[in-house]
1. Quick check: from the Cα gyration tensor, does segment 45-87 come out rounded (a/c under 1.5), prolate or oblate?
2. Report the residue, chosen from 24, 64, 56, that carries the largest GNM mean-square fluctuation when the chain is represented by alpha-carbon nodes joined by springs under 10 Å.
3. Working out 0.36 nm times the residue gap between residue 52 and residue 8, then minus their Cα-Cα distance, what length gain in nm do you get to one decimal?
4. Can you work out D for the chain in µm² s⁻¹ from Stokes-Einstein, where Rh is the Kirkwood radius over C-alpha pairs, the temperature is 25 °C and the viscosity is 0.890 mPa s?
5. Among 13, 45, 33, which one shows the highest mean-square fluctuation when the chain is modelled as a Gaussian network with alpha-carbon springs under 10 Å?
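Read the figures in this text as sums done on the coordinates, not as results from a lab. Note that the coordinates shown come from a computational prediction; the quantities given were computed from them, not determined experimentally.
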Amino acid sequence: MPTTRKRTLVTHSPSVEHALEVAARHWPGEPDSALLTRLALRGASDIETDDAEALAEERHRILAGAGTVPGIYGPGYLEDLRAERPE
C-alpha cells in the first residue's frame, strides 16, 4: 500500500518467530505485519507502565525518607549553596 510514512523491515530471527507465534495465538488470523504492529504497541504500553511505576516507587522512597534526619542542614545552608553556583 502506498504511503509517505517510514517503513521498517524486520528479519524473522528465531526470537521474532517466537514472538509472532505467541501473538498469533492471541490474535489469530492476523497477518505478520499486523501482529508486529500489535506487539510493538503492546510493548510500548508495557514500557510506559513500567516507567510510571518506577517513577512512583522512586517518589515514594524519597517522600518516605523526607524529614527523617532533621537538623542536618544548618540555617542558611540553601542560600550558601546557591551562592556557590551563581546563574
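1. oblate
2. Fluctuation is largest for 64.
3. Numbers: separation 44, 0.36 × 44 = 15.84 nm, distance 2.79 nm.
In short, 13.0 nm is gained.
4. 134
5. Judging by the Gaussian network model, the answer is 13.
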